[in-house]
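Here is the structure we will look at.
The values are calculated or read from the model by the stated rules, or taken from the named source; none is laboratory data. Please read all numbers here as calculations on a predicted model, not as lab measurements. FYI the Cβ positions are ideal-geometry reconstructions off the backbone, even for glycines, and counts take in every protein chain you see. Calculation scope for accessible area: heavy atoms of the full protein, side chains included, ligands and nucleic acids excluded. Shrake-Rupley method; radii C 1.70, N 1.55, O 1.52, S 1.80 Å.
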Amino acid sequence: MSATGQLDTAILRALHEGGPLGGAELSARLGVTRAAVWARIEELRRLGYEIEASPHAGYRLLRTPDLLHADDLQARLPAGVRIGRDIQVFKETGSTNDVLDRLARDGVAEGVVVFAERQTQGRGRLGRRWVSPSGKGLWCSVLLRPDLRPSAATQLTIAAAVALHRAVLAVTGLRAAIKWPNDLLLGGRKCAGILTELSAEPDRVRHLILGLGVNVNLAAADLPRDLRATATSLRLVLGRPVDRPELAARLLAELDKAYAAVRTGRFEALADEWEEACVTLGRQVVVDLGTRRLEGRAEALDPEGALLVRTEHGHLERVVGGDVLLALP
């Protein structure tokens, strides 16, 4: 991060903490001149941050713009996070997963997050297109380098689903349902998804990219006609817009906590939380595995995050991928 970026993050963090702050107090806290603070305040105003300046009380943050600004997102995160230690925001890109894949192959450390205000080639699982209109959602990817066997990588998809569920609940009050392995549903319609892409050797993960797409403020007209019966957005369910920067920061904070749980051997607690929100377990499912279809009852997760399906013949099959269709209840 540049020196100006670090200063902007520090100023915004101080202002987000609430209460007016005098210029002298800010300059002393940050170790810069009052003129430097003023210059950065003016630049933040130019970006759309409404910052009140009172000769007696000092600076106070009144309103933040509906844009994803890396310095602002970092200012909202707890100190010492791993996920979000470096945040990059693009006005437009093909796919945030592709951007991170290039960075991963260049050897950057884990925890880097890439957001795009708009994706032109956003994708979901099984090569499906993910509609990513400008300024309407959260389209982001996170680089991880977990000490896991490839067979256990599904734990991170489960962890991401839990983090998404927590963030949506905290910011909107909406209690979404999780459909294995990667969908968040509201009223039975998809509002968010996770795409996990893996680079691995036979016995270890080299890097893993979590791609997350959240339909935040999409209107019905933003959704393709063929998806309007199966997809939705937080705004459509709530009937009002959602603060995207607030949701983005909360999502990164929850991802950081969930990833820490996986790293420290506490996946079982995450799995329990996932199961409470899951609409897949206990249901008859059809799993399209590409070369074959598996039918049975989804019973549980195994210790590595795979779905256990009991077939009509009584066999317990372990599913780590594929497309899951739920039978009518």
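Just one of the listed residues (L169, L148, L198) is over 13 Å from the mean Cα position of the chain (by Cα), part of a loop (DSSP other than H, G, I, E, B) and of a type in the set (A, V, I, L, M, F, W, C), namely L148. Within the stretch 232-250, restricting attention to residues that are open to solvent by less than 40 Å² (accessible area, probe 1.4 Å) and not small (G, A, S), the residue that is nearest to the chain's Cα centre (by Cα) is L247. Only one of these is in a helix (DSSP H, G or I) and either open to solvent by 10 Å² or more (accessible area, probe 1.4 Å) or at pLDDT 95 or above (or both): A253, A229. Name it. The conditions single out A253. For the stretch 212-226, residues that are at pLDDT 95 or above and over 29 Å from E254 (Cα atoms) total 0. Restricting Q74, Q121 to those that are assigned to a helix (DSSP H, G or I) and either in contact (Cβ under 8 Å) with a residue 12 or more places away in the chain or surrounded by fewer than 16 Cβ atoms within 10 Å (Cβ to Cβ) (or both) reduces the list to Q74.
Give the stretch 77-93 a look and list any residue that's among the small types (G, A, S) and open to solvent by 70 Å² or more (accessible area, probe 1.4 Å), or say none. Selection gives A79, G80.
From the list L174, L156, the one residue that fits, being hydrophobic (A, V, I, L, M, F, W, C) and within 15 Å of the chain's Cα centre (by Cα), is L156. Look through the stretch 287-299, keep the residues that are at pLDDT 90 or above and open to solvent by 30 Å² or more (accessible area, probe 1.4 Å), and return whichever of them is farthest from G265 (Cα to Cα). This residue is E295. Search the stretch 237-250 for residues being outside any helix (DSSP H, G or I) and touching a helix residue (DSSP H, G or I) at 6+ places or on another chain (Cβ under 6 Å), and hand back the single one that is farthest from V81 (Cα to Cα). Ranking the candidates gives P241 first. Summed over the stretch 36-54, residues that are assigned to a helix (DSSP H, G or I) and either under 25 Å from F90 (Cβ atoms) or open to solvent by less than 70 Å² (accessible area, probe 1.4 Å) (or both) total 10. Taking the stretch 256-286 as the range and being among the small types (G, A, S) and open to solvent by 30 Å² or more (accessible area, probe 1.4 Å) as the test, the residues that pass are G265, A269, G282.
Tallying residues that are among the hydrophobic types (A, V, I, L, M, F, W, C), farther than 29 Å from Q121 by Cβ and surrounded by 15 or more Cβ atoms within 10 Å (Cβ to Cβ) within the stretch 55-71 yields 1.
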